[in-house]
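Student: What follows is a structure written as structure tokens; I'll ask about it next.
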Amino acid sequence: MKESKAIVLRGKGSRGKTTTLNILIENLLPLSSKIIRQSKNDGTDDRWIVLEYMGKTIGITTKGDDKKSLEEFFACNKELCDICVCASRTRGSSYRYIIDTFYDSIIMWQEKWGVTEWSGTTLALKDLQDNANKKQAAALIDAIDALL
């Protein structure tokens, strides 16, 4: 049995975890050698993918607000993956599920970076949030590389 490592993007609701993980997926796709499996488009921003990157299997799910979403992903994919990347709230069922699932593995917790207030225009706030999401997605690739 493969011992998976986990990278968890942890943060409060509506802070951009899903957006950041979608950017991570888009950034990893051109660097991966193949897609092993992926979710079907269900019309939402949430998705998951398992791909090969630098000779290792990486699983990423954008869901993580609740235990059930994580259970569905890990039940089918944890055994395949060298590294699993997911989202989690700061406490509650998703947080506890990750601790229980990866109790004997390496878990790298990353707090979600966020820009939530700005005294300038709404457009400038959106630009700052987009920039923070892109930079954190790049930092997640660095984290994956560090665990390989």
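A short reminder: the numbers here are calculations on the coordinates, not readings from a lab. This is a predicted model, so every value here is computed, not measured. Glycine gets a Cβ as well: all are built from the backbone with ideal geometry, and neighbour counts include every protein chain shown.
Student: What residues have an amide H closer than 5 Å to that of Arg47, excluding those fewer than 5 places away on the same chain, when H is modeled at 1.01 Å from N in the peptide plane?
Tutor: Thr62, Lys63
Student: Structure shown: which of Lys68/Lys126; Lys78/Lys126; Lys5/Lys126; Lys5/Lys63; Lys56/Lys126 lie over 29 Å apart, alpha-carbon to alpha-carbon?
Tutor: Working: Lys68/Lys126 31 Å; Lys78/Lys126 34 Å; Lys5/Lys126 33 Å; Lys5/Lys63 17 Å; Lys56/Lys126 35 Å.
With Cα atoms farther than 29 Å apart: Lys68/Lys126; Lys78/Lys126; Lys5/Lys126; Lys56/Lys126.
Student: A follow-up question, please. Using a cut-off of under 20 Å, list every residue of the stretch 19-46 whose amide N is near the label point 7 Å from the Cα of Asp130 along the Cα-to-beta-carbon line.
Tutor: 19-28, 45-46
Student: Output the relative contact order of the chain, whole-number percent, from Cα pairs under 8 angstrom with separation of 6+ residues. Mind dumping the intermediate values first?
Tutor: Details: 256 pairs, mean separation 50.2, N = 148.
Reported as a whole number, the value is 34 percent.
Student: Another question about this same structure. Taking the Cα centre as origin and putting +1 on Lys and Arg beta-carbons and -1 on Asp and Glu beta-carbons, what dipole magnitude results for the stretch 5-147, to the nearest 20 debye?
Tutor: Numbers: 21 positive and 19 negative charges, 42 e Å.
So the magnitude is around 200 debye.
Student: To the nearest 10 degrees, how steeply does helix 67-77 sit against the main Cα axis of the chain, on a 0 to 90 scale?
Tutor: 40 degrees
Student: Provide Ile36, Ile23 in ascending order of the number of other Cβ atoms located within 10 Å of each residue's Cβ, fewest first.
Tutor: Working: Ile36 15, Ile23 19.
Result, fewest neighbours first: Ile36, Ile23.
Student: Restricting attention to the alpha-carbon atoms of the stretch 5-147, what are Rg (one decimal) and Dmax (integer), both in Å?
Tutor: Cα-based Rg and Dmax for the stretch 5-147 come out at 14.8, 47 Å.
Student: Assuming R0 = 30 Å, what is the FRET efficiency of Ile36 and Thr116, from their Cβ-Cβ distance, to the nearest 0.05? Before the final figure, lay out each step's value.
Tutor: Working: r = 36 Å, r/R0 = 1.20.
Efficiency at R0 = 30 Å is approximately 0.25.
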